[in-house]
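The values are calculated or read from the model by the stated rules, or taken from the named source; none is laboratory data. Predicted model only: the values in this text are computed from it and were never measured. Here the Cβ positions follow ideal geometry from the backbone for every residue, glycine too, while neighbour counts run over all protein chains shown.
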Amino acid sequence: METILFKVEDDSQGDLLKRAAALLQSGCLVAFPTETVYGLGANALDAEAVLGIFQAKGRPADNPLIVHIVEMEELVGLTDGIPEVAKQLMTHFWPGALTLVFRRSAAVPDGVTGGLDTVAVRMPVHPVARKLLKLAAVPVAAPSANRSGRPSPTTAQHVLEDMDGRIPMIVDGGPCEVGVESTVLDVTVQPPMLLRPGGITREMIEAVIGPITLDSHLAGGTDKPKSPGMKYTHYAPRAPMTLFIGDTVAVEKRMFSDAATLSAEGHRVGVLCTEESLVRYRLAFSPAEAGPGISDGPSPLLADESVGGRVFPLSSGFRGNPASVAAGVFSVLRRFDAIGVDVILAEGFPETGVGHAIMNRLRKAAGGHVILCPQEKETT
Ligand code: TXA
Ligand code: MG
């Protein structure tokens, strides 16, 4: 199958977007941008089309999909009642990066819900997603448009990497602003329960409806997650990754030393760092590894293998601006795949606000391999 990718900015008459909508109506798959990550859409009320999503992604059938809507009226047909607390949340956060889990109606195919008696729904705010949903005039089931287990795509190019030849169309609306997936909140229980941290933070939700609970696996428990997708290895780059948490200075020191050791052993080391520390990695590794004679001039962003460099520091954003880290994190994980590093060392972040979502994704990418770096005692 040929995959057509078009840029929205080149589609001034909207003809291609109409074609994308027609494809959705006829049961085909279309990848499209949302404010969080790119989605792989199919008509949510067409059981066969929905099956196509699982095939294209290689996704386990028990992992349910989020249904995307553009008008409030669409919700009525999908759910069996809308709790008061959901109405409050929708007033504040829809359209936007909040997915709500409701009791499902009989109209929703089993394939969408993975056989559960609930359905997850969200109303995206991205203008291209909204236009496409309006033109398609059907609710659209859409998981993140990556092959199952790979980092979520935040650009159309990422989608192409994973889906070329598997789907007929990719709508390119540029990079996604939020960069991590939507928050998933179960409103069938009282108080509501956070199943996946995301773009809308726990603090933002609690400011509107008061205290919520956390699914026990988010609170450090070992129970089976209520959101089936959270049990799979997700967001994983190809190389094994270690996450370093704790005191910022101690983290940086330990990562420098581990990067030096690993590279001396001949490994290609990806370092996921922040903009604030990037320059220090470049100074420490690129010129030194480059050998005599070429240490002058600007350090390359990537270590140059032809001169022996093996440490590849990439920044996911500014430590002082967690939203920028969220927007960049999946992209950096994918670049490590493209570079072909053997091992990844990653800086951790404070688990507040959107940092909660960032760390949830990084912990998963690291497969639980986390090293705590406590603050060093001052010696006098
Ligand atoms: O930001 C997003 O949510 C993106 C964009 C495309 O909208 N979509 C996305 O979909 O991340 P996906 O399929 O990659 O993740 C959906 C998550 C999974 O963890 C899944 O288990 C959970 O939502 N989920 C879906 N339906 C559910 C339900 N009825 N009950 C509990 N969890 C559910
Ligand atoms: Mg996903």
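If you go through the range 172-216, how many residues are more than 16 Å from ligand 2 (Cβ to nearest atom) and either among the polar types (S, T, N, Q) or assigned to a helix (DSSP H, G or I) (or both)? It would help to see each step written out before you state the result.
Pass one, the range 172-216, residues more than 16 Å from ligand 2 (Cβ to nearest atom): 172-175, 177, 185-194, 200-216.
Checking the rest, the ones that are also either among the polar types (S, T, N, Q) or assigned to a helix (DSSP H, G or I) (or both) come to 188, 190, 201-209, 213, 216.
Of the residues in the range 172-216, 13 are more than 16 Å from ligand 2 (Cβ to nearest atom) and either among the polar types (S, T, N, Q) or assigned to a helix (DSSP H, G or I) (or both).
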Spot the failing condition for Pro237; the list is (1) in a loop (DSSP other than H, G, I, E, B); (2) closer than 30 Å to Phe6 by Cβ; (3) within 16 Å of ligand 1 (Cβ to nearest atom); (4) touching a strand residue (DSSP E or B) at 6+ places or on another chain (Cβ under 9 Å), and only one is missed. (3)
What residue, of Ala56, Ala31, Ala61, Ala42, is in contact with a Lys or Arg (Cβ under 7 Å, 6 or more places away or on another chain) and within 16 Å of ligand 2 (Cβ to nearest atom)? Ala56
Output the qualifying pairs, or none if there are none: Cβ atoms under 6 angstrom, residues six or more apart or on different chains, first residue in the range 148-170 and on the phi > 0 side of the Ramachandran plot, second residue within 12 Å of ligand 2 (Cβ to nearest atom). Gly149/Thr233; Gly149/Ala236
Restricting attention to the range 115-131, does a residue exist that is more than 19 Å from Gly198 (Cβ to Cβ), near ligand 1 (Cβ under 8 Å from one of its atoms), outside any strand (DSSP E or B) and more than 17 Å from the chain's Cα centre (by Cα)? yes
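Taking strands (runs of 3 or more DSSP E) that do not extend beyond the range 1-53, which have at least 1 residues that are touching a helix residue (DSSP H, G or I) at 6+ places or on another chain (Cβ under 9 Å) and buried (at least 24 other Cβ atoms within 10 Å of the Cβ)?
On the way: elements: 4-7, 30-32, 39-43.
Because the criterion is at least 1 residues that are touching a helix residue (DSSP H, G or I) at 6+ places or on another chain (Cβ under 9 Å) and buried (at least 24 other Cβ atoms within 10 Å of the Cβ), the strands (runs of 3 or more DSSP E) in the range 1-53 that meet it are 30-32, 39-43.
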Going by the structure shown, is Glu206 within 25 Å of Ala366 (Cα to Cα), out of contact with any Lys or Arg (no Cβ under 7 Å at 6 or more places or on another chain) and surrounded by fewer than 18 Cβ atoms within 10 Å (Cβ to Cβ)? no
Exactly one of Gly221, Gly179, Gly199 is crowded, with 21+ Cβ neighbours inside 10 Å and modelled with pLDDT under 95, and that one is Gly199
